[in-house]
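Read through the structure below, which is laid out as structure tokens, and then see the notes.
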Amino acid sequence: MYRRIGAMLLAAVLCAGATACGSDRQGDTSRQEPSVSRQEPDASLNEPDVSRQEPAEGDLLETERLGELRYNQTEDEVEELLGEPAGRTEPEYWGSDGLTHTQWSYDGVELSFAEGILESAAVTEPFAGKTQAGIAVGDSAEAVREAYGGWIDEESSTEERIVAGDVYGGLIFTLKDDSVVRITLGVTAE
């Protein structure tokens, strides 16, 4: 997520620089400038971006779930689904991203929030929910590969884990003896 935001900011800076250094020829009509749609600046741009961003088309996080848990849910939505957490950390400000983080725990469920928005969910037994492709804790590595074949990041995957999408947004299936023992959805790297 942070890599995508950085890339968008870099593109915006490069575009602004290119526009500022445009043609200084007056009256030259042989070259037409492309039409640019301008939007009103958003007042929240000066705050950390923790809004419910629409994922890019084809983004695994767009449709993926763990049971009823999904990336970018609010704390209130999660509490409505799962009830009061068994454990909850005090909010902690992280200087690395400028956001306040909390962690919640339930039996077989660990959740990480940034500014009250679900950033990652990790599940183990006895969690019985499944991914959108029908994979649950206890399923085989082969079943994961069949279900997520085109999404698998072979460079990040090992014998102990299968990464679908990437560590910046996707699913990580942790394996033991060729069976899924943990499934993590969301952002797992900074």
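Annotations for the structure displayed:
- For segment 110-118, Karplus couplings with θ = phi - 60° (6.51, -1.76, 1.60), whole Hz, Gly/Pro x: 10, 10, 10, 10, 10, 6, x, 10, 5
- Stretching the chain fully between D107 and T74 yields a gain of 9.9 nm (0.36 nm per residue, less the alpha carbon separation).
- Shape index of segment 65-186: Rg/Rh, with Rg the Cα radius of gyration and Rh the Kirkwood radius from the inverse mean 1/r over Cα pairs, equals 0.98.
Just so you know, all these numbers are worked out from the coordinates, no wet-lab data involved. Just so you know, these numbers come straight off a predicted model, no measurement behind them.
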